[in-house]
Amino acid sequence: MKFKDMPYERVDFDRVEKEMKALMEEFDAAKSGEEQFEVHRKYYKLTDQVETAMTIVHIRYDADTSDEFYSKEHEFYDEKGPVYSNLVLEYQKKLYASPYRSYLEEKIGSVAFKNMEIAQKAMDEKLIPLMQEENALVLEYNKIIASAKIQFDGKELNLSLLRPYRVSPDRSVRAAAWKKTSEFYEENAEKLDEIFDKLVKNRTEQAKKMGYENYLELGYYRMNRNCYGQKEVEAFRSQVKEFFVPFAERLHDRRRARLGLDKLKFIDASVYFKDGNPAPVGTPDEILAAGQKMYSELSPETKEFYDFMMENELFDVLGRKSKRAGGYMTYMPVYSSPFVFANFNGTSGDVDVITHECGHAFQGYLSGKDPIREHSNIGMETAEIHSMAMEFFTQKWMPLFFGERSGDYIEMHLEDSAAFIPYGCMVDEFQHIIYENPGMTPAQRHAAWLELEKEYRPHQDYEDDAFYGKGGYWQNQLHIYNYPLYYIDYCLAQTCALQYKVWMDENFEAAWESYLKLCRLSASDFYTNMIKEVGLMSPFEPGCLKNIVEKLEKYVK
C-alpha cells in the first residue's frame, strides 16, 4: 500500500489496555508453552497496530511540523507513549516469568529474554510523568531547530537548506553561511541551554528513581546494550585516541593541502576539494531512479526491496521549509513497510540517503519477513552496520549519481567515514561527562566540549566565533538532545563497515554474503556473537583499530 493511502485513526488506549489485560489473563490461564505462544501471536497483532499508527503520525508530523492535526496527534502520543510502554512491560514481565519459558525461549530466542530483563531495568510506572516531560522537552528542542528562518542569498532557508552554502567552494560564501548558522544558534543559545539543563536533570531523576547512581546505567539499558557496558566502550574510545585520532589528523592535513590552505578553519570542516565537493548530477527523481538501477544490479534481494519502496512511495526526501531537519528510516509493521525520510539539498548527502538510509530499510524489509517480532529489536550498534556498510557496497555504482566526479566522491566518503570515528567518540565521552556530573552549569558543559576537541579534533579552529568559539558546536547534534548515548553506536558500526570496505576490495562476493547473513541474523543473537559469526573483528577486541588503520593507510597515501 502507498504511504499516502495508509489510513490513520487515533489509537484508543483505553481499548488497547483492555485488550492487553485480556491477553495477560489468557496467557496466565494457558496450560502449555504452545498455548502461551499462540497468545503471544495475538500480542504481536495488537502491538503492530499501535506502533504502525504511532509511526504514521511521526512521519506525517515530521513532513510538516506546522500541520495542526498531526502536531496534536504527535503531542498525544508523546503523552501516551510512556503509558503504553509500561503496559508492554507489564505483559513482558509475564512472558519473562513464564513456567514454560524454555519452550518460549526456543521459539523467540535467548536475546529476547535478555532484552526483557533489560526493559524491566529501564522502565517503571513511576517514571511515566518524567518521561512525558522528557518527550515535551525534546519536542521543544526539535521545534526550535525546525523553525529556523534564515535570510540568505535572497531566500528564506531552514538549516537543512542552508547546508549547500556551508560547503560552497567559495570560502567567503561558506564563511557567510556558517556565520548565519552560528547567529541562529547564538540567538537561541539561552533557550537551548535551558532545555538541555532540564533534560539532564529529568533523566538523572529518572535514574535516581530506579535506584541508579546517575543516568548512564539507565541510559545503557534504554539503548538495549545486552552484551557490553561502559568499560568496553571506554576501552574502545581509548583505542580510537591512540590509533584513529592520529590517522584522522593525517587525513585532515591531506585535505588541507588539497584545498590549498595554510590552516583548516571550522568553516572548512566538510569541504574536500578546491572546486567544491562532488554533488549529484540529477534531480531528486533521477537520483531515486538511479537508486533503482543500482539496487536492481547489486542483488536479487536489493532489487525486490527497492522496487517495493518505489511502488509504494515510501520515500519523502524533498526539503521543505516546515519539514523537520535530518533523516531516518522507520518501519510500519502492519504493512511490512520501511519508510525513508530525508531532506535533499543538492549535496552528496542526497546520495547518502539512497545508500545509508536504504541500508537500514533493506535490513528492515528482510527482517519484516521474520514472524518473530523480537528478532527486529536490533541494537543500534548492529543496525548502523547495515547502513554504513551499504555505503561502501554501492560505491561501484557512484558514476550513476556523480558522473565524472564519482572518484572524488569515493575518496571524500572514505576520508569522511574514517574521520567520523573520533568525532563520534567525542560526542559519546561528552555525554558520559555530562551525566556523571549532572550539576554542571551550561558554561561548564561548553568548556568540557572544548577540552574534548583538543583530544579528538586538535585541528579544529573556531577562531573567535561567538557561538562555536565558546564550545557550542554540540548543540548542532540533535542526538545529544533526542537520543542520549546513541552516538557511540555509529562509531562501533563504522569500525565494522570499514572492515567490510577492506574485505570487499579483496573479495566482493564473500563480503556481500557476510553482509546478507548479518542482515538476516537481525537480533536473533547478541551483537558480539554475530560480528564473529559473519567474519568480522569485534571493535572491543584489542588491536582492532590498529589493524584497521594499517589496512586503510594504502588508500590515503
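Pick from Lys31, Lys80, Lys93, Lys4: which is assigned to a helix (DSSP H, G or I) and either farther than 25 Å from Asp124 by Cβ or without any contact (Cβ under 8 Å) to a residue 12 or more places away in the chain (or both)?
Working: Lys31 fails: assigned to a helix (DSSP H, G or I); Lys80 fails: either farther than 25 Å from Asp124 by Cβ or without any contact (Cβ under 8 Å) to a residue 12 or more places away in the chain (or both); Lys93 fails: either farther than 25 Å from Asp124 by Cβ or without any contact (Cβ under 8 Å) to a residue 12 or more places away in the chain (or both).
Step by step, each of Lys31, Lys80, Lys93, Lys4 is checked, and only Lys4 is assigned to a helix (DSSP H, G or I) and either farther than 25 Å from Asp124 by Cβ or without any contact (Cβ under 8 Å) to a residue 12 or more places away in the chain (or both).
Sort through Lys323, Lys396, Lys369 and tell me the only one that's assigned to a helix (DSSP H, G or I) and among the basic types (Lys, Arg).
On the way: Lys323 fails: assigned to a helix (DSSP H, G or I); Lys369 fails: assigned to a helix (DSSP H, G or I).
None of the other options fit; the residue is Lys396.
Which one of the conditions (1) in a helix (DSSP H, G or I); (2) charged (D, E, K, R); (3) surrounded by fewer than 20 Cβ atoms within 10 Å (Cβ to Cβ) does Arg174 fail to meet, given that it meets all the rest?
For Arg174, the exception is condition (3).
Being more than 11 Å from Phe401 (Cβ to Cβ), open to solvent by 60 Å² or more (accessible area, probe 1.4 Å) and assigned to a helix (DSSP H, G or I) is the filter here; which residues of segment 274-291 pass it?
Result: Asp285, single match.
Among Ser524, Ser514, which is of a type in the set (Ser, Thr, Tyr), in contact with a Gly (Cβ under 8 Å, 6 or more places away or on another chain), free of Cβ contacts under 8 Å to residues at least 40 places away in the same chain and buried (at least 18 other Cβ atoms within 10 Å of the Cβ)? Explain how you work it out, then say what you get.
On the way: Ser524 fails: free of Cβ contacts under 8 Å to residues at least 40 places away in the same chain.
Exactly one residue qualifies, and that residue is Ser514.
If Asn115 passes every condition in (1) open to solvent by 50 Å² or more (accessible area, probe 1.4 Å); (2) more than 26 Å from Pro438 (Cα to Cα); (3) assigned to a helix (DSSP H, G or I) but one, which one does it miss?
(1)
Output the residues belonging to segment 34-77 that are among the polar types (S, T, N, Q), assigned to a helix (DSSP H, G or I) and open to solvent by 30 Å² or more (accessible area, probe 1.4 Å). Please lay out each step first, then the result.
Pass one, segment 34-77, residues among the polar types (S, T, N, Q): 36, 47, 49, 52, 55, 65-66, 71.
Retained after the next criterion (residues that are assigned to a helix (DSSP H, G or I)): 36, 47, 49, 52, 55, 71.
Within segment 34-77, just Gln49 meets the criteria.
Can you find a residue in segment 13-22 that is surrounded by 13 or more Cβ atoms within 10 Å (Cβ to Cβ), outside any loop (DSSP other than H, G, I, E, B) and touching an Asp or Glu at 6+ places or on another chain (Cβ under 6 Å)?
No, there is no match, as no residue in segment 13-22 is surrounded by 13 or more Cβ atoms within 10 Å (Cβ to Cβ), outside any loop (DSSP other than H, G, I, E, B) and touching an Asp or Glu at 6+ places or on another chain (Cβ under 6 Å).
Evaluate the following for Lys241: is it of a type in the set (Lys, Arg), under 30 Å from His432 (Cβ atoms) and modelled with pLDDT of 95 or more? Give the steps one after another, and end with the answer.
On the way: of a type in the set (Lys, Arg): yes; under 30 Å from His432 (Cβ atoms): yes; modelled with pLDDT of 95 or more: yes.
Judged against the criteria, Lys241 is a match.
Could you check, for segment 461-470, whether at least one of its residues is assigned to a helix (DSSP H, G or I) and of a type in the set (Asp, Glu)? Show your work before the answer.
Just the residues of segment 461-470 that are assigned to a helix (DSSP H, G or I), to begin with: 468-470.
From what is left, the residues that are of a type in the set (Asp, Glu) are none.
No, segment 461-470 has no match at all.
What pairs can you find where one residue is in segment 48-76 and of a type in the set (S, T, N, Q), the other is open to solvent by less than 30 Å² (accessible area, probe 1.4 Å) and at pLDDT below 95, and their Cβ atoms are less than 6 Å apart, with a gap of 6+ or different chains?
Thr65/Ala146; Thr65/Arg324
The values are calculated or read from the model by the stated rules, or taken from the named source; none is laboratory data. Everything numeric in this text was worked out from a predicted model, so none of it was measured. Using ideal geometry, Cβ is built from the backbone for each residue, glycine included, and neighbour counts are taken over all protein chains shown. Note: areas computed on protein heavy atoms with side chains; ligands, DNA, RNA excluded. Shrake-Rupley method; radii C 1.70, N 1.55, O 1.52, S 1.80 Å.
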